[in-house]
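The values are calculated or read from the model by the stated rules, or taken from the named source; none is laboratory data. Since the structure is predicted, the reported quantities are computational estimates derived from the model, not experimental observations. Counting neighbours? That spans all protein chains shown, and the Cβs are built from the backbone with ideal geometry, glycine included. All accessible areas refer to the heavy atoms of the entire protein, side chains included, with ligands and DNA or RNA removed. Shrake-Rupley method; radii C 1.70, N 1.55, O 1.52, S 1.80 Å.
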Amino acid sequence: MFRKIEALLMQWKNNPSKKALLVTGARQIGKTYSIRKFGQEHYRSFVEINFITTPSAKEIFSGDLNADVIIMNLTAYLGKSLIPGETLIFFDEIQECPNARTAIKFLVEDGRFDYVSSGSLLGVNYQAVPSYPVGYEEILRMYPMDFEEFALANGLRNETLGYLKKCYDTTEPVTASIHKTMTDLFKYYVIVGGMPAVVKTFITTHDIGKVVAVQKDILSQYRQDITKYSQSGKEKISRIFDRIPSQLDEKNRRFKLSSIEKNARLREYEDAFVWLQDAGVALPCFNLSEPKIPLKINEQSRLFKLFMSDCGLLCAMGLENVQFDILQGNLSVNMGSILENVFAQQLSANGFALRYLNKSKVGELDFVVQFANKVIALEIKSRKDYRSHAALDHALKVNAWNLEQGMVFCGGNLERSGKILYLPWYMVMFFKKPSLSALKVELNLNV
């Protein structure tokens, strides 16, 4: 299955001054498969060491963390020589060998080979690493398959994808037949999500029962990780994790600690929320005091929604029969919370920080994003009355905010009405944060 990370890995390889690469992200999102495929296809020599399946490999880093010593131990362990300049060494599940993470600095300085590391729960296992390789490591965040990857995996042709992108760029309505096909495909994505094993099960069987079984297995692994890797507060982390679906089903979706414990205080649970975020399991979305640039300084960290990192896993967590309802076109109240989760997942993968706005005199905007030097308000509509959006209308009229545009993602087709752009749900795959690589600065000191 096609993954966008392949292009990013190639960019890294072609960088003459590359550092080691650390690929992070939640468990079961395809990190190992993608790196292995890349290494086998683009290097003459590829070495993979998994510190969970082969714990004896930790001995390679048990002595002096000197490049010559480590490479000597490594070749002795592997029983073969390596090709300088043409070998990729992949350390998988590196969180299980903290010394290997520390040794990256010396291996990069040595320069004979390229290094990629990967692992889950790296953000929550920080205390075990003696010294981070600051300045010698580039971090790449990986996410579950987004809708575009899901669509391609299900047979969407590149020609159709190109046509849809053209419609997005020119604000031209999509033909009725393609719009229906893409809308149906998007509904499948809502209940399947982007975990590769789940997507593969869906493609090969189209059996939703088997899809849900795989999803529940992954959820079970997540709960085991909480028990295994959390240093403290296991019970608090588990309570928060299990309440994500019910909290998203509340009227304003905001996570309320009172649902866990009547007199709970955020400071008592803050570490548990951070653990879930660092593990890549949950996506926090913070309220804004005002939608003004820079949005970061206007975040209200005590008011937030908490989304699952994968919409399919959310559906499998206890929203009974929701899969059947969605497939039957019954977009009930539950669909609103699930749709918001889909967009939180997709916006994160597209490079946006997650923020929303809830003001008493305006109402609630589902998402507010910073797009280069402007702010865009996003509304996610699950019902047919998607042209009704009082909060968005009010927000666009606040002169002090200077919102340039509002976007409504809905079941309808492309349409522009004044400052509001209506987009089909599936068009979110094209709404991406501008790349800084496109910004070039000219400096003339001849003055």
- Pair list, Cβ < 6 Å and 6+ apart or interchain, from the stretch 73-101 residues that are on the phi > 0 side of the Ramachandran plot to residues that are buried (at least 23 other Cβ atoms within 10 Å of the Cβ): Glu93/Gly119
- In the stretch 217-250, the residues that are surrounded by fewer than 13 Cβ atoms within 10 Å (Cβ to Cβ) and basic (Lys, Arg): Lys228
- Note on the structure: Of the residues in the stretch 276-298, those that are touching a residue at least 40 places away in the same chain (Cβ under 8 Å), over 12 Å from the mean Cα position of the chain (by Cα) and either open to solvent by less than 20 Å² (accessible area, probe 1.4 Å) or on the phi > 0 side of the Ramachandran plot (or both) come to Cys285, Asn287, Leu288, Pro291, Leu295
- Tell me, yes or no, whether the stretch 435-446 has at least one residue that is touching a strand residue (DSSP E or B) at 6+ places or on another chain (Cβ under 9 Å), modelled with pLDDT under 90 and either over 28 Å from Lys361 (Cβ atoms) or not β-branched (Val, Ile, Thr) (or both). no
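Conditions (1) under 27 Å from Gly30 (Cα atoms); (2) touching a Phe, Trp or Tyr at 6+ places or on another chain (Cβ under 7 Å); (3) surrounded by fewer than 21 Cβ atoms within 10 Å (Cβ to Cβ), marked per residue:
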| residue | (1), (2), (3) |
| --- | --- |
| Ser56 | yes, no, yes |
| Ala76 | no, no, yes |
| Lys80 | no, no, yes |
| Gly85 | yes, no, yes |
| Ile94 | yes, yes, no |
| Cys97 | yes, yes, no |
| Leu107 | yes, yes, no |
| Asp110 | no, no, yes |
- Does Leu140 qualify as being part of a helix (DSSP H, G or I), in contact with a helix residue (DSSP H, G or I) (Cβ under 9 Å, 6 or more places away or on another chain) and within 29 Å of Val23 (Cα to Cα)? no
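Table: residues versus (1) at pLDDT 95 or above; (2) open to solvent by less than 10 Å² (accessible area, probe 1.4 Å); (3) part of a helix (DSSP H, G or I); (4) basic (Lys, Arg).
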residue	(1), (2), (3), (4)
Lys37	yes, no, yes, yes
Gly63	no, no, no, no
Phe91	yes, yes, no, no
Thr102	no, no, yes, no
Ser117	yes, yes, no, no
Gly123	no, no, yes, no
Gln127	no, no, yes, no
Pro133	no, yes, no, no
- Just one of the numbered conditions (1) touching a Phe, Trp or Tyr at 6+ places or on another chain (Cβ under 8 Å); (2) of a type outside the set (Ser, Thr, Tyr); (3) part of a strand (DSSP E or B) is not true of Pro291; which one? (3)
- Note on the structure: Within the stretch 146-168, of all residues that are part of a helix (DSSP H, G or I) and free of Cβ contacts under 8 Å to residues at least 12 places away in the same chain, the one least open to solvent (accessible area, probe 1.4 Å) is Gly162
- Which fully enclosed strands (runs of 3 or more DSSP E) of the stretch 372-419 have 1 or more residues being modelled with pLDDT under 95, out of contact with any helix residue (DSSP H, G or I) (no Cβ under 6 Å at 6 or more places or on another chain) and loosely packed, with under 14 Cβ neighbours inside 10 Å? 374-380, 415-417
- How many residues of the stretch 168-178 are under 18 Å from Val428 (Cα atoms) and over 26 Å from the mean Cα position of the chain (by Cα)? The answer is 7
- Residues of the stretch 299-327 being open to solvent by 10 Å² or more (accessible area, probe 1.4 Å) and part of a strand (DSSP E or B), which ones? Glu299, Gln300, Ser301, Arg302, Leu303, Phe304
